[in-house]
Amino acid sequence: MKIAVVILAAGQGTRMRSNIPKVLHPLAGKPMIDYSLEAVQSVTGQAPLVVIGHGAEAVEQAIGDRARCVVQQPQLGTAHAVQTAAPLLQGSCDLLLVTAADMPLISPQTYQRLIETQKNNTGALTMLSVELADPHGFGRVVRNADGTVKCIVEEAQATPDQLTIRELNTAIYCFDAEWLWSALSQIKVSPKGEYYLTDAIGIATDAGLTVQAIRLENPEEAIGINTRAHLAEAEAVLRRRINLRWMLEGVTIVDPATTYIEADVQIGQDTVIWPNTYLRGKTVIGQNCVVGPNTMIEDCQIGDDCTILATVMEQAVVENHVEIGPYGHLRKGAHLAEGVHMGNFGEVKNSYLGPGVKMGHFSYIGDATIGKDVNIGAGTITCNFDGVRKHRTVIGENTFIGSDTMLVAPLTIGANAKTGAGAVVTHDVPDNTVVVGVPARPLRKTSQEKDPQQDGKQ
């Protein structure tokens, strides 16, 4: 049995009070529409058809090649939206699942139940309902004695008895596709000048066809987003889901209420996340790490056995056994190799720190390549910007950079070299050389390569 999916995403979302199309507002780090796209595709294995309208160009760009798009213009209601999609779908499917991009919490399992129920339904459609104490102004589901749906009554037209009903219409349906194409032409315009897909239920029951309804097992899935307040409600639900998932996968989250993990983050087993930690974007964290408290990490790759305390990181790479913080800052392009120690109030930008580098506190390393086992003393700064251009600093292996050294780029310091505390290094330093002073000048060779002129002298 062939199944097609239509996602309704054409609405303006005026109550959001935003210049951003409603379906592109972010939830847990992804556009709202992504959740519907991913859920239905995981069930059907097919790319859905998305009906777009307001902000069509931006929405289509965000969707990319994950779905086909059709523009609803003008926007005359939900039935009109499906009718807009009909020419692309007629004759290609047996069942049509219709859902909305502003209901991002519907799970793949719920869509699967809806589809399976309609497969076994000889009637026209199966709808998804929810029981809520607060009806939120939704239409009431009125059932027959045998449990099938008799009708949907909108709140404004409901009798006092019908207003007591707490089973509500979510406006998510699975239709017999062939029946729907003919039924769409029978839907009459509403007093508001729109055509509503809900009216298909009345057309089916008037024709004596069975309409089934399945209730949501988790009412939270029915949160639809029309305002910023609804957006925050959905965000809270997603955050709980994400945190629970990682705890079940073997991650310790000390205080889930103050831990924010976005949807695409990956975390290894036995990592511990402390409170007030924000993990964002495509961040990947390995096993046995300690992260936080008071840490924000975005689009970073972090290896195993790392400790990251009270640190901000964006678009950085950290290999295994690295220690950072407290109060570190890794900016775009920072790469800390295995075993690096970065002290408190340190900052690294667009630089590679080789294996075993020790970087003291209050230091800034920008646009640099640091060799293996280099010691960077406290207060060291790479002076990488001359007011017009950025310049690089290169430091060889096993070099010792004294505290408060100023490294004025472009600059190359050789292997096994040393700089004295407070040195201002403006010229390249050869291997095995000690430089001191302002500006720094060679003092002598290091012990790795003794100056022949000093042989025999004390």
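Charged side chains reduced to their Cβ positions (Lys and Arg at +1, Asp and Glu at -1) give the chain a dipole of some 860 debye around its Cα centre. Each peptide in 225-232, 131-138 gets a packing score, the mean of other Cβ atoms within 10 Å over its residues, and the list from highest to lowest is 225-232, 131-138. Remark: for residue pairs Lys282/Lys349; Lys30/Lys349; Lys282/Lys418; Lys332/Lys372; Lys2/Lys282, the C-alpha separation exceeds 29 Å in Lys282/Lys418; Lys2/Lys282.
Distance from the C-alpha centroid of the range 235-307 to that of the range 312-354: 18 Å, rounded to the whole angstrom. Remark: the range 37-53, residue by residue, has Karplus-estimated 3J(HN,Hα) of 4, 5, 5, 6, 5, 5, 8, 8, x, 10, 6, x, 9, 10, 8, 10, x Hz, where x stands for each Gly or Pro and the curve is 6.51 cos²θ - 1.76 cosθ + 1.60 at θ = phi - 60°.
Every number in this text was worked out from the coordinates using simple rules, so none of it is lab data. Just so you know, these numbers come straight off a predicted model, no measurement behind them. Here Cβ is always computed from backbone atoms with ideal geometry, including for glycine, and neighbour counts include all displayed protein chains.
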